[in-house]
Amino acid sequence: MQKKLAMVRVIALLALIVLFNVITACGADDTQQETEQKPADMQQDKNNGETTSVSEAPYSFIEFDLEADFENIKDAVEVEYEFVPDRVEASYNDKNQGIRLSNDEALHELDDHFAQFDFDENSSKEEVLAAVRKAFNIPEDALLDLDITFATGTEKEY
């Protein structure tokens, strides 16, 4: 009888240990899930591990769509950029320079171009087109199709 009671105690102890491990493991998943579900206004920079806020548009616009035809090349320069509070999507193609970038690589490259812009929705058409031509090195005789949605929600076609 003593042996049987000892065996029941050992089994009960093992069951408690297994139960404890299962409960702890489930708790670890919750912690991991919380880490993965960062607030919408935070974005992890994969290059240097810094977390940066993306809750506010970094430029005066939230959408930028450019197609430029020149030197007998359709869409010689093509830029697409869209900012929403929880993500940023971008692509940048320049056929003359052999550039074909998307996502983080495109964002990094486009930042250099977009940083040159000092226009907003109140700027003249000529001012906006001149800044875009200069930033992307687009000749004056190029055919441009430019759509911009500014941070205020104003949409403009140039």
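No lab work stands behind these numbers, since they all come straight from the coordinates. What you see is a predicted model; the values in this text were computed from it and never measured. Here the Cβ is made from the backbone with ideal geometry for all residues, glycine too, and neighbour counts use every protein chain on show.
With the simple model of a label 7 Å out from the Cα in the direction of the Cβ, residue 87 to residue 115 spans 2.7 nm. The rule of thumb for compact globular proteins, 2.2 N^0.38 Å, goes into the C-alpha radius of gyration of the stretch 74-133 1.20 times.
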